[in-house]
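Values quoted throughout were computed directly from the atomic coordinates according to the rules given, and no laboratory measurement underlies them. This one's a predicted model, so the numbers in the text were calculated from it and none came from an experiment. Because the Cβ atoms are built from the backbone with ideal geometry, glycine has one as well, and the counts that use them run over all protein chains shown.
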């Protein structure tokens, strides 16, 4: 527990948290939960309290949850816990020597600083990219506009990109009763994340629900009339009708503040396992952080909910001078139609030499394991539940596992943990 005096004490500039996502919200919560009584200032460039983003492409987009459900805490929580929450303000600079950030033209001093600035969507720059009706999904207003555009059905929707956001929004569009075509340069959906065999599982799922794919193809232009999109021209020259376009071609870490301040940056703000940056009093968490993971033995940048959920508290404890290590196995989940999945670990292209399957791919009830020299790198359970802890334990063990036993549904996963 840390006691730094009363809130607002002149003895301490306090803690400043920059960001409006889950990592920022959990960091602020942890600072108070750990007994810190000094000044906390939370600054977000969005006009909302910190919130979680997964519902924006899942339950909120589908209309099965309310906007109130996305917030880490309501605004009353920040008042009750004497957190100075400043929304709708952009932090324009960080002065590490004098220890202040500039937000809304004002200097905000800090003793310790957390940068949880997240990421921003990659945009297309092809002709017609500025037409109305072309949607990106990252923030609450994006989800509100897209939900309005999809609700009621009967529209032609083109989704650009067959990653997680592309497929989740395609599922929502079909659920609302729209015609959906997905354009993707890779040969199968999710190819770079899951590889061809598992990527095709999701391709088949969407085809079964009426989605059309144009794989191995890109977008060269958008067309429209009266300033609104009405069509898409693909790289191969195909013409697609499109009342609504959804672009999901990835995100980039928002490192500009850190870079201008002189922090080490390389595909994210570089941190150690405690989420401390190259400056001892500055921490980074969430999408923007590229952190050393002791389990994986390397620095990784993870763009998923669990990374922010776990990383915010680790950064907060580090800010308080506690020993804290961000050593969780990366984890994420997705829900599409009647398929639910969880993925633990990390296995990119070229990382693995075999995919072992336990269960039945055709019925979409199985676990896939990505292995390297029989060591488990990642596991994905599809419509199979309560196995994430066992999968993570196998990854953490680092031991070789007999692939025939790994594939055998009669062999309990926990029995494979050394």
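How large is the helix-only mean residue ellipticity at 222 nm for the chain, computed as the sum of -39500 (n - 2.57) over DSSP H runs with n ≥ 4, divided by its residue count, in deg cm²/dmol to the nearest 500?
Working: 11 runs with 103 residues, N = 418.
It comes out at -7000 deg cm²/dmol, rounded to the nearest 500.
Which order do 15, 341 fall in if you start with the one that has the fewest other Cβ atoms within 10 Å?
Numbers: 15 25, 341 21.
So the residues, fewest neighbours to most, are 341, 15.
Taking a ≥ b ≥ c as the square roots of the Cα gyration tensor eigenvalues, with a/c under 1.5 meaning rounded and otherwise prolate when a/b beats b/c, else oblate, which class fits the stretch 159-222? Oblate shape, in that a/c is at least 1.5 and b/c is the bigger or equal ratio.
Identify which of the listed values of Kirkwood radius over Cα pairs in Å was calculated from the structure shown: (1) 20.7; (2) 25.9; (3) 22.8. Here Kirkwood radius over Cα pairs in Å agrees with entry (3).
Roughly what % of DSSP beta bridges within the stretch 123-249 run antiparallel, to the nearest 5?
On the way: 9 of 26 bridges.
Of those bridges, close to 35 percent are antiparallel.
Distance between the C-alpha centres of the stretch 278-345 and the stretch 211-242: 37 Å, rounded to the whole angstrom. Remark: the residue 337-residue 79 segment gains 88.9 nm on full extension, using 0.36 nm per residue and subtracting the alpha carbon distance. Between the C-alpha center of the stretch 65-115 and that of the stretch 381-405 there is a gap of 39 Å. Taking the fewest neighbouring Cβ atoms within 10 Å as the starting point, the ordered list for 34, 373 is 373, 34.
Among DSSP bridges having both ends in the stretch 4-115, what percentage is antiparallel? Round to the nearest 5.
Values: 9 of 20 bridges.
Among the beta bridges of the stretch 4-115, antiparallel pairing accounts for roughly 45 percent.
Considering only DSSP beta bridges where both residues belong to the chain, give the percentage that are antiparallel (nearest 5).
Working: 52 of 86 bridges.
In the chain, approximately 60 percent of DSSP beta bridges are antiparallel ones.
Note on residue 327 and residue 399: their simple-model spin labels are 1.8 nm apart, each label 7 Å out from Cα toward Cβ.
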